[in-house]
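Down below is the structure, laid out as structure tokens.
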Amino acid sequence: MSTKTHSGRGAGVLRGLIPPVVLALVVAAAGSSASHAESVRPVFTFTTEEAFDADTVPAYAADHDKVYAHIDEHIDEHVAHLQRWIRQPSISPQGVGIIEMANLLKSDLLEMGFAEAELVPTDGNPGVWGYYDAGAEKTLMVYMMYDVQPVNEEDWISPPFEARLIDHEHGRVLMGRGASNQKGPQRAFLNALDSIIKTTGSLPVNVMITAEGEEEIGSVHYPQIVAAYEERLKTASGVLFPMNSKRPGGQVIMDLGVKGIVYWELEATGGAWGGPRNNEIHGSYRVLVDSPPMRLARAITSMTAADGNTVVVPGFYDGIEPPSVAQQRLINGMAKVWDDAGVQESLGVDRWVYDVTGRDAIVQYLYMPTLNVDGIWGGYIDAGTKTVLPHKATAKMDSRLPPGLDPDETLEKIRRHLDDQGFGDLVIRKYDSYPAAHTQVEDPFVQAAISVYNKRGHPVAVRPWLAGSAPFYMFTEHLGIPLVFSSPGYGAGVHGPNEYMVIEPAAGSGLSGLDEVQKYYVDLVYALAGE
């Protein structure tokens, strides 16, 4: 590997200026060809070692004992509401149960006393709009998604749409698709609102709900739902996305935004460059005929250095917004509770790329864009043998983008790179995209959420954003409304088998049960109202 950087300085010079783990990133990029000089990963310099301390936010002081008591007295009924939602499949990638789930949400809102509850037509799955008019000074907007991911039922220890209560190492859990992502947390929030209404006769804030049924397939039509109520939505003081945010051991991770995303298919087919044009042919002709699967593989590998991790698409890293001083403080605070080994164990991986750890790992996770192959296929993949030369090969790919990177510009850079590398015949089919979103920690709604955690004794670390993606730019960028997505709930198995949410935590686990989650939501809406 070359020890020269693209500016011509030796790695030995850089070792005195850059932490070793960051140097590894730079040198890895430097090992690629000179034509990819623009693709060097950025190096971020921290200017402060101060750490944000959520404990300095004054704790929310009020109590709402009658509402808490109602939650305790009706907890079995509240669990049943979660089960009703999970037992209704709503698998957007397969179009299963979508209308039924949308109508279930609509009817629940009407039953709770929402003045408005209606399906919202889009060019895809319908949205659901709800409005509770409390005649209050402030309005809370709530983002919901009523769709879920597909399941492989044979991988589950409990049928994914039976919503059974299971004894688990973390206590009594509700298992089923959507238990944690996101039907469980969302219905828990509605349970909390219902307890307030039934106890006091109304809510301390007005509530607007915009729910979509396409989050798991890219939220392509969610902007149409927002557009239908845009002027009213702009009056909201904040947006809540009910979400389980505790970690094993009891730490809450509170995220203030998300990365953006662009998702596409890349396809190689036979044609003038070579390869079968119309259908697969006998594999013996491979010695004379080009292979589309091989071409696809070469095109994908051309986009990264030899290690497969540093992207060499020219300009791929250009424009990333470096951590602000406020974000550096958040990251420094996160580093105090970050557990590399624990996260790796939960994911079933043995190491991070470049063996980064601690703060370096957090920065890479949050501030580096990804280039990922979600799936790849072509030719014969069933049992036994069939020696063919396929005429087509396809990959689904995505890139998660931190603030500062535009999804469409990123895909254009990839297109130019493929053209320049001689892969102009490959087809790119874009599926969906949206930019990143983030809210400042100083925002009053964020401070209110932290104050409730402090009142209820939940240790909290605040992160600039989640490395996953959701269409939250519609709030923070388009509507100009601060976003909070959080609760002290705990769940796991999201997008995989045996998804669950803790209902009754095991003694000493530090986790919260459904009752505590709902009491957190109660306090949060009152804190937003200033009561």
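Of note:
- Here the chain is treated with +1 on each Lys and Arg Cβ and -1 on each Asp and Glu Cβ, and its dipole about the Cα centre works out to around 1420 debye.
- Computed over region 84-197, the P(r) curve from all C-alpha pair distances, binned at 5 Å from the origin, holds 2, 11, 19, 23, 18, 13, 9, 5, 2, 0, 0 percent per bin.
- Plainly put, the chain has a radius of gyration that is 0.99 times its Kirkwood radius, both from alpha-carbon atoms, as the Rg/Rh ratio.
- Size of charge dipole - region 187-323 - debye, nearest 20, with Cβ of Lys, Arg +1 and Asp, Glu -1, no other charges: 300
- Each part gets one Cα centre, and for region 173-245 versus region 77-111 those centres are 13 Å apart.
- Note on region 171-259: Cα-only Rg and Dmax are 15.5, 45 Å.
- Across the cross-link table entries Lys106/Lys259; Lys66/Lys106; Lys106/Lys455; Lys336/Lys455, which are compared at the Cα atoms, the separations over 25 Å belong to Lys106/Lys259; Lys66/Lys106; Lys106/Lys455.
- Average projection area in nm² (convex hull over Cα atoms of region 224-297, one quarter of hull surface): 11.8
- Efficiency of FRET from Cβ geometry, Lys386 and Glu231, R₀ 60 Å, rounded to 0.05: 0.50
- The alpha-carbon atoms of region 343-414 define a convex hull whose volume equals 164 cubic angstrom per residue.
- Of Leu528, Thr385, Val349, farthest towards positive along the dipole that unit charges on Lys, Arg, Asp, Glu beta carbons give the chain: Thr385
- Start at zero, step by 10 Å, and the Cα-Cα distances of region 39-148 spread as 10, 25, 26, 18, 17, 4 percent across the bins.
- Separation in nanometres of the label points that stand 7 Å from Cα toward Cβ, at Thr56 and Ile166: 4.3
- When the GluC sites (Glu not before Pro) in region 32-115 are filtered for DSSP coil states and for at most 10 other beta-carbon atoms within 10 Å of their beta-carbon, the remaining sites are Glu49.
- Extending 7 Å from Cα along the Cβ direction at Trp273 and again at Ile99 yields two label points whose distance is 4.3 nm.
- With θ taken as phi - 60° and the Karplus curve 6.51 cos²θ - 1.76 cosθ + 1.60 applied, the whole-hertz 3J(HN,Hα) list for region 112-119 is 6, x, 5, 5, 10, 7, 7, 6 Hz, x standing for glycine and proline.
- Normalised alpha carbon radius of gyration of region 387-485 [divisor 2.2 N^0.38 Å]: 1.60
- Here the calculated FRET efficiency for Asp123 and His495, from their Cβ-Cβ distance with R0 = 35 Å, stands at 0.85, rounded to the nearest 0.05.
- Dipole axis of the chain (+1 Lys, Arg; -1 Asp, Glu on Cβ), positive-most option in Gly260, Gly184, Ile503: Gly260
- Dipole in debye (nearest 20) - region 97-233, about Cα centre, beta carbon charges: Lys, Arg +1; Asp, Glu -1: 500
- Listed values for region 50-67 are Karplus-derived 3J(HN,Hα) couplings in whole Hz (6.51 cos²θ - 1.76 cosθ + 1.60, θ = phi - 60°), namely 5, 10, 5, 10, 4, 5, 6, 7, x, 5, 4, 9, 6, 10, 10, 4, 5, 5, and x replaces Gly and Pro.
- 222 nm mean residue ellipticity, helices alone, for the chain (DSSP H n ≥ 4; -39,500 (n - 2.57); rounded to 500): -9500 deg cm²/dmol
- Efficiency of FRET between Gln447 and Glu137 - r from beta-carbon atoms, R0 22 angstrom, step 0.05: 0.75
- Where Rh is the Kirkwood radius over Cα pairs, Rg/Rh for region 325-451: 1.09
- Between the residues Ala227, Gly213, Ile196, the greatest Cα displacement towards the positive end of the dipole of region 158-254, with unit charges on the Cβ of Lys, Arg, Asp and Glu, is found for Ile196.
- By DSSP, the beta bridges lying fully in the chain are antiparallel in about 75 percent of cases.
- The distance between label points at Gln440 and Ala297 comes to 5.1 nm (points 7 Å beyond Cα on the Cα→Cβ vector).
- Dmax and Rg, reported as Rg then Dmax, of region 110-259 (C-alpha, Å): 17.0, 51
- Computed from the alpha carbon atoms alone, the convex hull of region 475-531 holds 111 Å³ per residue.
Bear in mind these aren't lab numbers, they're just calculated from the coordinates by the rules spelled out. Fair warning: this is a prediction, and the values are worked out from it, not measured in the lab. So basically every Cβ, Gly included, is an ideal-geometry build from the backbone, and we count neighbours across all protein chains shown.
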